[in-house]
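Shown next, in structure tokens, is the structure this report addresses.
The values are calculated or read from the model by the stated rules, or taken from the named source; none is laboratory data. Small disclaimer: the values here were computed from a predicted structure and weren't measured. Reconstructed Cβ throughout: ideal geometry from the backbone, glycine too, with neighbour counts over all protein chains shown. Side chains are part of the model used for accessible areas, which takes the heavy atoms of the whole protein and leaves out ligands, DNA and RNA. Shrake-Rupley method; radii C 1.70, N 1.55, O 1.52, S 1.80 Å.
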Amino acid sequence: MPIIDEAQVRAACAHNQKLNEAQFPHLNHSGNGVAKILADIDRIARLPLEEGTTLPREAYTSDAFHAWEIEHVFKPEWFCLAHVSQIPNNGDFINLELFGNPLIVLRGKAGEVRILSRVCPHRGMDIMPPAFGHDGHGPADWTEGKPGCGHTRLFVCPYHSWTFELDGRLKACPEMQGAKDFRRDDWGLKEFRSEVWHGFVFVNLDGQAPQSAAEQFSELGQDLAPWNPAEMSIVFERSWDVPCNWKILTENFMESYHHLGAHAHTLQPHMAARDTWNEQERPHHIRCHLPFRKSLRAKIAEAEANGKRADTFVVIPSLTEEQRLEWGLMLGFPLFTILPAPDQLVWYRIIPVGPNRLQLLTTVLVPNSTRDHPDFPEMLARGGEDAIGFHLEDMEVVTAVQRSMHSDGYQRGRLSHLEMSVWLIQRYLAARAHGTWPALDGNAAPAQHPPKS
Ligand code: FES
Ligand SMILES: [Fe+2]
């Protein structure tokens, strides 16, 4: 059972968001200071991990720095928005907002995945404006309980009824016969560069990424391949409005030092913080290992000898012995966050919406064969509860840390060797600030050897 109550966490997030916005607007450092923040990040990213320190707090609070990140970190890179299992049928779509862009992630008539703008090329209407709650969107059927998700054969702009095909082409537009030299073919919905990689749907908003997602993430792809995510499905998802900067959540996701505090009663008993370790620095991703404790390994060995290992879902047969005895953490830069476990993948879709705020979708993926297992409903009930349980503990931490960034009592902190990921994220940001690509622009930091416990 979760130790913290979900309803209480949601109320706390709303409360903290109000505090962030209403009381401290002067601390958002709007307008200035980006060069200073970047110089500071550059300085600390050059320090060895043993001398590592936290980012300047303005990196978590400044509107101007947030704007810099959108232009220099997020728009030029590949950003993961969905998994193909969320749009299984031709005509399925998901509406999303990404850095001021209303988007549709959809499966087209030939089964292809596309990412279109929702901005109508006529007078700029959002063709499916969120939260109005009416069905004036042509033939779309909306998915119960999942706002913005549905199925359609056409898109109809609710303003003047221009109609678009699933590939964005303008199909029909009433009363335009008087517009001189108007050609329907010139007026479709804009399509963004996208790619499906290992079943995940990525967008490159500025269209200028120097490599395809598959090329850029080839090393990460090798790490992920044993889970075969293209043949998995999202079986659980929950969305959260989180009052914190994306780096606070991502740093927290990627280090396991905090098992000692935040997860002392949930994760630490199974995966001791001191046993966790990072692989060597790589140009486009971070990988960490969270080995199970000896006591848990012994229990698993005994259960396996009796033919009944007690994981939440079915252990994935293609995994190596070691992969069956640990969790992992992966971050594909800038913000593709994955937690591989022996029986599942956890994927967090983190969408920054301001220096103090992000939209989060927490998901669990299992192999399609697990989804078809006769005991799957019971497995899922347990899996959902587990996924929420430790996440609620993280929500308390990230919300409180964001608030502290505004405090007169705030001090820059020093890093433990167990926070190597935090330091690697700083080095990625520093590289983006130099404009270097790939991110690694010096000698790679070596792996932390797996501790012998
Ligand atoms: S703005 Fe969409 S049809 Fe006019
Ligand atoms: Fe955590």
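With +1 assigned to the C-beta of every Lys and Arg and -1 to the C-beta of every Asp and Glu, and no other charges, what is the dipole magnitude of the chain about the Cα centre in debye, to the nearest 20?
420
Hey, could you grab the Kirkwood Rh for the stretch 38-116? Inverse mean 1/r over distinct alpha carbon pairs, Å, one decimal.
About 15.6 Å, per the Kirkwood formula over Cα pairs.
Any idea how far apart ILE70 and ALA225 come out in nm if each label point goes 7 Å out from Cα toward Cβ?
Here the answer is 3.8 nm between the modelled labels.
Between HIS449 and ALA7, what's the calculated FRET efficiency when r is the beta-carbon distance and R0 is 35 Å? Round to 0.05.
Calculated value: 0.20.
Report the gain in length on full extension from THR266 to ARG382: 0.36 nm times residue separation, minus Cα-Cα distance, nm rounded to one decimal.
Here the answer is 40.3 nm.
Could you point to the residue in LEU38, TRP162, GLY145 farthest towards the positive end of the chain's charge dipole, with +1 and -1 charges on the Cβ of Lys/Arg and Asp/Glu respectively?
The residue sitting most towards the positive pole is LEU38.
I need the per residue convex hull volume for the stretch 279-397, using only the alpha carbons, in cubic angstrom as a whole number.
About 143 Å³ per residue, rounded to a whole number.
What does the extension gain come out to for GLU304 and PHE132, with contour length at 0.36 nm per residue minus their alpha carbon separation?
Result: 56.6 nm gained on full extension.
Could you work out how much longer the chain between ASP42 and SER212 gets when fully extended? Use 0.36 nm per residue separation minus the Cα distance between them, nm to one decimal.
Contour length minus the Cα-Cα distance gives 58.5 nm.
About the Cα centre of the stretch 59-114, what is the dipole size in debye to 20, counting +1 per Lys and Arg Cβ and -1 per Asp and Glu Cβ, all else neutral?
Magnitude of the dipole: close to 320 debye.
Rg (Å, one decimal) plus Dmax (Å, integer) for the alpha carbons of the stretch 346-438?
18.4, 56
Between the stretch 46-64 and the stretch 170-211, what's the alpha-carbon centroid distance in Å?
39
Enter the per residue convex hull volume of the stretch 298-365, computed from alpha-carbon coordinates, in Å³ rounded to the nearest integer.
106
State in Å² the accessible area per residue of the chain; use a 1.4 Å probe, count heavy atoms of protein chains only, and round to the nearest integer.
Averaged over the residues of the chain, the accessible area is 44 Å².
Can you give me the long-range amide H partners of LYS171? Hydrogens built in the peptide plane at 1.01 Å from N, cutoff under 5 Å, separation of 5 or more residues or another chain.
THR163, PHE164, GLU165
Sequence gap of 8 or more, or different chains, plus Cα separation below 26 Å: how many lysine pairs satisfy both in the chain?
So the count of such lysine pairs works out to 17.
Run the paramagnetic zone check for ARG169: 7 angstrom along Cα to Cβ, then residues of the stretch 113-132 with backbone nitrogen under 20 Å.
113-122
Considering only ASN245, ALA433, THR320, whose Cα is most displaced toward the positive end of the charge dipole of the chain, charges sitting on Cβ of Lys, Arg (+1) and Asp, Glu (-1)?
Value: ALA433.
Leaving out ligands, DNA and RNA, what percent of the accessible area of the stretch 79-197 is carbon and sulfur, probe 1.4 Å?
49
About the Cα centre of the stretch 79-197, what is the dipole size in debye to 20, counting +1 per Lys and Arg Cβ and -1 per Asp and Glu Cβ, all else neutral?
Around 200 debye, computed over the stretch 79-197.
For the stretch 97-121 and the stretch 382-453, what is the centre-to-centre distance using only Cα atoms, to the nearest Å?
31
Return the inverse of the average 1/r over all pairs of distinct C-alpha atoms in the stretch 79-197, which is the Kirkwood hydrodynamic radius, in Å to one decimal.
It works out to 14.6 Å.
Would you mind getting me the FRET efficiency between SER239 and SER416? Use the beta-carbon distance for r and R0 = 41 Å, nearest 0.05.
Calculated value: 0.80.
Given the chain, what whole percent of its Cα pairs are spread farther than 40 Å?
21
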